[in-house]
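First comes the structure, then the notes that go with it.
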Amino acid sequence: MSKEKKLVVAIYARVSSQDQVDDGYSIEEQQKRLKALADARDWIVYKTYVDPGYSGSNLKRPAIQSLIDDAKKHKFDMVMIYKLDRMSRSQKDTMYILEDVLVPNNVDLLSISESFDTSTPFGRAMIGILSVFAQLERENIKERTSMGRRARISKGHSHGTKPALGYTFKAGNNDLVINPYEALIVKDIFELFVSGTSIISISNIIADKYGSNVRAWTNTTIRRVLRNPVYIGKVCYGSELFDGIHEPLVDDLDFYKAQEILKRNKELSRRTYEYSTASGKADHLLTNLLYCGDCGARMAYAKVSKNVSRYMCYSVSRKSKAMIKSDHCTNRLYPFTAEQFEEIILGEIKKLATDPTYIFDTINATTPEDTTAPIQERIDEVNKQISKLLDLYQLGFTDISQITDKLNTLKDEKEKLENQLSNETITRTYSPGAVKELLKDFDEIIEYGSPEEIHRIVHTLINKIVILNDDIKIYWSFC
C-alpha cells in the first residue's frame with residue numbers, strides 16, 4: 001500500500017512599518033506560527049515568501065508576484081497566511097488571487113487567524129466577506145493618515161521625504177530650515193527670471209555657476225523652483241495653501257511676478273507665427289535664421305506629427321537634396337517643439353527689453369550681498385566628499401571605476417565654485433541706441449502685435465542662430 005502524498009505548502013508573510021506599530025506582530029512571528037502549524041500537520045514547506053515593508057494596498061510586491069508565478073507552475077498545493085490582510089487589503093486583488101490564480105491551479109488558501117480554508121465551501125464563501133472588511137480597514141487607515149497630514153500642514157509644517165531646493169530638514173522631523181548654499185541658487189533663479197532671462201538660459205547659467213552636483217539643471221527643474229510657493233513661506237496640501245513656519249527665500253512680489261511671466265510664456269507658446277508673405281509662401285518666426293551646429297546646414301520648420309512641429313536640420317530631415325551638408329550629422333535630439341523654441345528666442349529678446357544691463361553693460365552702484373561664506377562652505381563640503389571617496393578606494397572598499405564619475409562631478413563643481421570666488425567677470429560691448437528704441441513697445445507687440453511685427457523685430461535683432469541638439473547660440477546683429 002503506497003504512502004499518502006504529503007501536502008506541499010507555501011508560506012507568505014508581509015508587514016509594513018505601520019502594521020508593526022498597530023498590530024504588534026512581526027514577519028518573524030508570522031513565519032514562526034505558520035511553520036509550526038505546517039510541522040504539526042506534517043506538511044512540506046516548499047518556500048517562504050516575504051514582503052517586508054510593503055503596503056497591502058496593491059500587488060506591486062516582489063514576493064507576492066513570485067508566489068503568483070509559482071502557483072501557476074503548480075509548485076505547491078496550498079498557500080498559508082497569518083491573516084487575510086497580510087496577502088492583500090484590496091478586495092479586488094484578493095479575489096483576483098483566489099479566483100484567477102489559486103482556484104484554476106488547484107491551490108488552496110489557509111488563514112490561521114480567521115480559521116478558514118478554501119478547500120472547503122464555507123472557507124471559499126468566507127474569504128469574499130473578509131476581504132470586504134480588509135479593504136474597509138485599508139480605506140479607514142488611508143483616511144486617518146490623510147486627515148493627520150492635513151492637520152499638520154495646516155499648522156505650517158512641511159511634509160514629504162525630500163526638502164525643496166534651498167532648504168534642509170531639521171534634525172528629527174521634516175520642518176524646513178534654510179540651506180545657505182542652495183538658497184543662493186534659488187535667489188539667482190528668481191532674480192534672473194524676473195529680469196527677463198529665459199528658462200533655458202537660466203539652466204545654463206546655473207549649471208555653469210554651480211555645477212551639476214546639487215541638481216540636474218533642466219528646464220523642468222527651473223520651472224519647478226519658480227512655481228513652488230514654499231519660497232514665499234507657504235506649505236501646500238493639494239491645491240490648498242497654508243502659512244508655513246519656515247523662513248521664506250523670495251519676496252512675494254518677485255514670486256507673483258514670476259507666475260505672471262510663466263503664464264504669459266505659456267500663452268506665447270500656443271501662438272502660431274505662420275502667415276502669408278508677399279510671395280504667397282508660408283513663413284515662420286525663425287525661418288532663414290537657423291543653422292546646424294554640426295554640419296552647418298540650414299534648419300527648417302517641419303511637421304513631425306499631427307500636433308507637433310520642430311525646426312530640423314536639412315541633413316537629418318533630408319527634405320531637400322540641395323540643402324544637405326552631411327550624411328552623418330549628429331544634430332538629432334530636437335528637445336524642443338517649434339513653439340517651445342520660439343518661446344526661448346522671444347524670452348532672450350524680452351531680456352533685452354526688460355534688463356538695461358543686458359544692453360548697456362552697466363551695473364547700478366549697489367553693495368552686493370556677501371555670498372562668499374556659503375560658497376566656501378560648499379567647497380569645503382565638496383572637499384570632504386572627495387576625501388571620503390578616496391579613503392574608500394585606499395582602504396580597498398571600492399574600485400576606482402566605481403567612483404570615477406562621482407569624483408569628476410565633484411571636481412567640476414569645485415572648479416566652478418572656485419572660479420566664483422576669484423571674482424572673474426566677463427565684459428561685453430553693445431550698441432544700445434537703436435536696440436532700445438526698437439524694443440520700446442516690445443511687451444505690447446508680443447501681447448497684441450501681428451505675426452509680421454514680431455517677425456520684423458526678431459529678424460532685425462538676430463543675424464543667425466546656431467543649434468546643436470539642446471545647445472543654442474544667438475548671434476545678435478548689434479554685437
- Task: Within the stretch 137-188, track down each residue that is in contact with a helix residue (DSSP H, G or I) (Cβ under 8 Å, 6 or more places away or on another chain), at pLDDT below 80 and not assigned by TED's automatic domain parsing to the domain that holds Lys83.
- Result: Ser158, His159
- Going through the stretch 16-47 in order, the residues found to be of a type in the set (Phe, Trp, Tyr) and modelled with pLDDT under 80 are Tyr25
- Just wondering, is there one or more residues in the stretch 321-334 that are under 20 Å from Ile345 (Cα atoms), buried (at least 17 other Cβ atoms within 10 Å of the Cβ), assigned by TED's automatic domain parsing to the domain that holds Val466 and modelled with pLDDT under 85? yes
- How many of the residues making up the stretch 449-470 are surrounded by fewer than 17 Cβ atoms within 10 Å (Cβ to Cβ) and outside any helix (DSSP H, G or I)? 6
- Evaluate the following for Tyr237: is it touching a helix residue (DSSP H, G or I) at 6+ places or on another chain (Cβ under 6 Å) and closer than 30 Å to Lys473 by Cα? no
- Task: Take Asp471 and decide whether it is modelled with pLDDT under 80, within 35 Å of the chain's Cα centre (by Cα) and within 16 Å of Glu348 (Cβ to Cβ).
- Result: no
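Yes or no, residue by residue, for (1) touching an Asp or Glu at 6+ places or on another chain (Cβ under 9 Å); (2) surrounded by 13 or more Cβ atoms within 10 Å (Cβ to Cβ); (3) closer than 20 Å to Lys350 by Cα; (4) modelled with pLDDT of 85 or more:
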residue	(1), (2), (3), (4)
Ile206	yes, yes, yes, yes
Ser212	yes, yes, no, no
Val225	no, yes, no, yes
Val235	yes, yes, no, yes
Ile245	yes, yes, no, yes
Glu260	no, no, yes, yes
Lys266	yes, no, yes, no
- Cβ-Cβ under 6 Å pairs, at least 6 apart or on other chains, the stretch 208-232 side free of Cβ contacts under 8 Å to residues at least 24 places away in the same chain, far side among the polar types (S, T, N, Q): Trp217/Ser203; Asn219/Ser203
- Query: Among the residues of the stretch 145-155, is any closer than 30 Å to Ala353 by Cβ and touching a residue at least 60 places away in the same chain (Cβ under 8 Å)?
  - Reply: no
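The values are calculated or read from the model by the stated rules, or taken from the named source; none is laboratory data. This is a predicted model, so every value here is computed, not measured. We place every Cβ from the backbone using ideal geometry, glycine too, and count neighbours over all the protein chains shown.
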